[in-house]
Each structure stands twice: as C-alpha cells, then as structure tokens.
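Heads up: the structure comes next, in structure tokens.
The values are calculated or read from the model by the stated rules, or taken from the named source; none is laboratory data. Just so you know, these numbers come straight off a predicted model, no measurement behind them. Methodologically, a virtual Cβ is constructed for each residue, glycine included, from the backbone with ideal geometry; neighbour enumeration extends over all protein chains shown.
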Amino acid sequence: MTLAAHGCLAVVLALSISATALAQESKSGPLAKELAAALDAAKLDSIAAKDPASADVFVGALYFRGAQLLVVSAQYAVPLYLNNRLAKKEYRDMYLDLSSASVPATKVFIEDLGADGLKAKRNEGQPYDSYELGGKRTVFDSDWKKQNLSEDDYMKAFAAADDRYAQMLTALLAQVKKTS
C-alpha cells in the first residue's frame, strides 16, 4: 500500500470513528442527571414548567428516583388552568393533565429509563429509551430494522428526540431552581 493510500485510509477511519462517536453523544444526558440530582435535593418526585419557546406549551415530569424520568410536553387548550396549577406548584397534577388532556398533535412523551438522558445505542440487557411525537413512537433499542427505519433515519430520529428532550429538561431545571 502506498503512503497516499495509508493517508486516505487514516482519514476515512478517523471520519467514521468521529461520526459514530458524535451519533452516540447525548445532549440530554448531562441535563437529565442534573435534573435528577436537583429533584433529589428538593425532595420532589414531579416538576412542571412553561416551555419558554411557546406561551401555550407546558412540560411536566414524573421522577422515579434512580430509575426513570417520564417527561411530557404539549399545548393545553386552557393555558390559564395550567398557569394556575403552576403558581400553586401542583406539578404532579400538571403532568397528569398534560399526559391525558393535552392537544394530541402537539404531545411529546419521553421515557428515559435510568434518568440519564436518551441513548441511541442500547447495551445488551439494558432498558431502552423511547420518544413519542404526535402518537408516533420511536424506540431507541438499537433495532432500527424492526421499526422499518434505516440506520441513518434512526439516528436522525434520535438526534431530533435528543434535541427536544434537552429543551424540555432545560425548562424543568429552571423551574426546580425557582422552587428550591
């Protein structure tokens, strides 16, 4: 093999390794861990907040210490109702309202098993995370074929889910800090 061929091979390997590493990094990981620690410190099992990006969208979370975060975001038909609940710190009730009585097409639901952020790749025998948007669920169990997705589409879905989850966690973290 020539020196030029070795150089090209090295570049190709470096690009494929960095692309794989980037694909597996999670924006939500550090934020989910921070939120879990903040909820533990505040002795809370739920939190809710307004989404700063949209006046009529709210975010709510149920936290099962050391096990999982269930996070929902959606528009609510009567925002004043949730604003009143938020003022009274009725976080669990807000979560339940968003889960059951929100505008369906706007609903985002995330199951973060481990309360450690979304992970695109699952280790053998470990629980997996999922993301639901407007009734369409994507499971991050490393089996994109089972979901009729290409690996590229699976990774794009993960990136979009991770971005949205990071936004949701940021809003919830800000609310915990106000509460503490």
When every residue in the range 25-35 that is assigned to a helix (DSSP H, G or I) and of a type outside the set (A, V, I, L, M) is compared, the one nearest to Y131 (Cα to Cα) is S28
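Conditions tested, residue by residue: (1) assigned to a helix (DSSP H, G or I); (2) charged (D, E, K, R); (3) at pLDDT 95 or above.
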position: M1; (1), (2), (3): no, no, no
position: S18; (1), (2), (3): yes, no, no
position: A37; (1), (2), (3): yes, no, yes
position: A48; (1), (2), (3): no, no, yes
What are the pairs, 6+ residues apart or on separate chains, where a residue within the range 134-149 that is on the phi > 0 side of the Ramachandran plot has its Cβ under 9 Å from a residue that is aromatic (F, W, Y) and surrounded by 14 or more Cβ atoms within 10 Å (Cβ to Cβ)?
S142/Y128; S142/Y154
Cβ-Cβ below 8 Å, separation at least six or inter-chain, first residue in the range 151-176 and of a type in the set (A, V, I, L, M), second surrounded by 22 or more Cβ atoms within 10 Å (Cβ to Cβ) and assigned to a helix (DSSP H, G or I): which pairs?
A166/S28; L169/S28; L169/A32; L169/L35; L172/L35; L173/L35; V176/L35; V176/L39
Which listed residue is aromatic (F, W, Y) and closer than 24 Å to D56 by Cβ, from Y95, Y154:
Y95
Residue by residue through the range 110-154, note down the ones that are touching a Ser or Thr at 6+ places or on another chain (Cβ under 8 Å) and among the polar types (S, T, N, Q).
S130, T138, Q147
All positions within the range 128-172 that are over 19 Å from L98 (Cβ atoms) and of a type in the set (A, V, I, L, M, F, W, C)
V139, F140, W144, L149, M155, A157, F158, A159, A160
Among the listed residues L149, L173, L169, identify the single one that is within 14 Å of L70 (Cβ to Cβ) and of a type outside the set (S, T, Y).
L169
Return the residues of the range 87-115 that are in contact (Cβ under 8 Å) with a residue 12 or more places away in the chain and in contact with a helix residue (DSSP H, G or I) (Cβ under 7 Å, 6 or more places away or on another chain); say none if nothing qualifies.
K89, M94, D97, V108, I110, D112, A115
